[in-house]
Amino acid sequence: MKRRNLIVIAAWFFGAILLLFLFFQMQSYAGIINDAGVIRGGTQRVAKMELAGQHADETAQRIEALLDEISTSEQSRPLKSQATRNFIEKIDATREQWGLMKDEIAALDAGEGSPERLLELSERHFELADEMVFAAQARAEQDFLTSFVVGLVLILAVTSLVLLMERSSLRHEKRAYRTDLLTHGRNLAAFEEEADALISNGRSSSYLVVYSNIYNFRLINESYGHDAGDRIIVSTGELLESCCERDEICAHTNADHFVLLLEDRPGRVEHMADALQKHLKDQDGLFFSGVLKYGLGACRVVKGSSITEAISNATAVLKEGGLVDGVAWYDDAFKDLIKRKNDIVRHMSVGISEREFKLYLQPQIDLATNEIVGAEALCRWDSETLGFLAPDSFIPLFEKNGRIVELDYFMLERACESYAELSSLDAAPPTFAVNFSRSTIIQQDFADTLASTVERFGIARSALEIEITETAFSVDEDAVIGIVEALQSAGFLIAMDDFGTGYSSLSLLRKLPIDVLKLDRRFISQEHATGRETKILESIIDLSNDLGITTVCEGIETDDQAKALEELGCAIGQGYLFARPMPASQFASFSSEWGESYRTHR
């Protein structure tokens, strides 16, 4: 339980006890005042009866007992106020006067007293008893007032203490709400609040919201542990704080990301990027610090701008834009790029319904016989609204939003439709390759869709080559391998596309039941490959041949490349040397012309 709650409970408990005390005290004072009144009236009755020749022994005993009781009670009080002492004096005076009256009554009974003297003593006793009653009332009022004031002060004191503790707690909670747990500096909430105030009241008319990222930061956590990663984040925060000038702030948002508000002046962001990159290189004990790189996304803001929107824009340009000197700017060019991407995504449904996605085929040539032994099905988008689009301008967008599955199935239909037409013209190659994304491959109905589609167009399963990129195995490798094995068992050919672009190619080559290995164009893109690179390529081809895997090399552009690959044992070539990708409708005529004229072109 929180400390302030305990204090409140204790204060209320004490207050309840005080109220009970006051209640019983008031009852006690009421009894004392009543007893004092009884004494005052009782003495008068005793005097009257004695003067009338009668005795009032019971009343006299009652008066005696009450005086003893009141006197003893008041004398026993540990703390005596001035009002209490006054009351005791009045009790003693009344008691003394009562003693004189008793002596005079005794004298009268003995025939020696004077009625006049008894009457005089009685009147004086009445005055003293009356003063005693008033003293009791005054003491009761004063004690009540004192208790009330003490209680009120106590309540006010406790209430003030609770309010102070609550205010302190709120300040602490607010500080915790605004403080990053790792760097102990500002967090995103504090940044947004302070940045908004600076933009509204700062000396500069324009600011920059900058969002940072350390590329490949996961390598630190994976190789050195999260403690090492945390130390770099903390030291980065300290560096950014030291680099911030007047009316500039920074905050840690999450992971390895920071956000800054900087004055908008030439070179300010680039200078910050240089300082951050130097900071990474100076890290002791990080043997791969060279692969770590800082990137900054920058967005201009002016008075009235939304800080949240500016941070979002800076983050977006860092993810989607290109870095120049470590900085990506959220400017009109980037806005146009985003608009273009949004237009592409928005027009996909129209593109499919209007059959704007066109099938292109690129032939695959046997390097030994120069015959067409296959063709790769490629997608091009000839949009009435967007113009002619190459696949790298729309495929990544559809992979990102999940609509690539719909496009893959659409292109499978077009490829099978075209292959059936080519078969009817006796112009179809032995196989045709169709690319599929990882998202499509893991669909539950993928195998059934393949089987039903080729069956509908009367195509043998062995004619369809399913191309899967190496990156498809980057997540849940075993699950994808299981799918591939099932597809091969069903009679489809399996090709690994873009071999050599990942980090686990050789292990996958050993595990996967693939029929075709497509070597990435990077293997032959260099004009003068080193002996070591040639040896690696030769080893891959030899290993593939030993495993019964057919090798296809993409991107062949020269006769020398084709001859060199043939000498290394590569079976099939594909590239501009033989033919560029062509509309599927042109493939039959190309195949005919190739058979007649191009068999001896080398």
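The values are calculated or read from the model by the stated rules, or taken from the named source; none is laboratory data. In this text, all values refer to a predicted model and were calculated from it rather than measured experimentally. Positions of Cβ are backbone-derived with ideal geometry, glycine not excepted, and every protein chain shown enters the neighbour counts. Quick note on the areas: whole protein, heavy atoms, side chains included, nothing else; ligands and nucleic acids left out. Shrake-Rupley method; radii C 1.70, N 1.55, O 1.52, S 1.80 Å.
Tabulated results
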| quantity | calculated |
| --- | --- |
| Scope segment 184-241; condition open to solvent by 40 Å² or more (accessible area, probe 1.4 Å), without any contact (Cβ under 8 Å) to a residue 40 or more places away in the chain, of a type in the set (A, V, I, L, M, F, W, C) and under 25 Å from Glu320 (Cα atoms); matching residues | none |
| Counted residues, segment 106-136 - those being open to solvent by 70 Å² or more (accessible area, probe 1.4 Å) and polar (S, T, N, Q) | 0 |
| One residue from Ala433, Ala420 being among the hydrophobic types (A, V, I, L, M, F, W, C), under 17 Å from Ser591 (Cα atoms) and touching a Phe, Trp or Tyr at 6+ places or on another chain (Cβ under 8 Å) | Ala420 |
| Residue match in segment 284-298 (condition: assigned to a helix (DSSP H, G or I), more than 20 Å from Leu188 (Cβ to Cβ) and open to solvent by less than 10 Å² (accessible area, probe 1.4 Å)) | no |
| Lone unmet requirement of (1) hydrophobic (A, V, I, L, M, F, W, C); (2) over 24 Å from Ala328 (Cα atoms); (3) surrounded by 14 or more Cβ atoms within 10 Å (Cβ to Cβ); (4) within 19 Å of the chain's Cα centre (by Cα) for Leu181 | (3) |
| Complete set of residues in segment 399-422 that are in contact (Cβ under 8 Å) with a residue 12 or more places away in the chain, open to solvent by 10 Å² or more (accessible area, probe 1.4 Å) and within 32 Å of the chain's Cα centre (by Cα) | Glu399, Asn401, Gly402, Arg403, Val405 |
| Residue count, segment 347-376 (criterion: open to solvent by less than 10 Å² (accessible area, probe 1.4 Å), in contact with a helix residue (DSSP H, G or I) (Cβ under 8 Å, 6 or more places away or on another chain) and of a type in the set (Gly, Ala, Ser)) | 1 |
| Extreme residue, modelled with the lowest pLDDT, among residues of segment 476-520 that are on the phi > 0 side of the Ramachandran plot and assigned to a loop (DSSP other than H, G, I, E, B) | Gly500 |
| Segment 105-116: number of residues that are closer than 13 Å to Lys48 by Cα and free of Cβ contacts under 8 Å to residues at least 24 places away in the same chain | 1 |
| Positions within segment 303-323 being touching a residue at least 40 places away in the same chain (Cβ under 8 Å) and open to solvent by less than 70 Å² (accessible area, probe 1.4 Å), in sequence order | Ser305, Ile307, Ala310, Ile311, Asn313, Ala314, Thr315, Leu318 |
| Boolean, Thr59 is open to solvent by 60 Å² or more (accessible area, probe 1.4 Å), hydroxyl-bearing (Ser, Thr, Tyr) and either closer than 14 Å to Gly37 by Cβ or part of a helix (DSSP H, G or I) (or both) | no |
| Output for segment 227-255, where each listed residue is of a type in the set (Asp, Glu) and out of contact with any Gly (no Cβ under 6 Å at 6 or more places or on another chain) | Asp227, Asp230, Glu238, Glu241, Glu245, Glu248 |
| Boolean, Leu425 is open to solvent by 10 Å² or more (accessible area, probe 1.4 Å), closer than 23 Å to Ala571 by Cα, touching a residue at least 60 places away in the same chain (Cβ under 8 Å) and not small (Gly, Ala, Ser) | no |
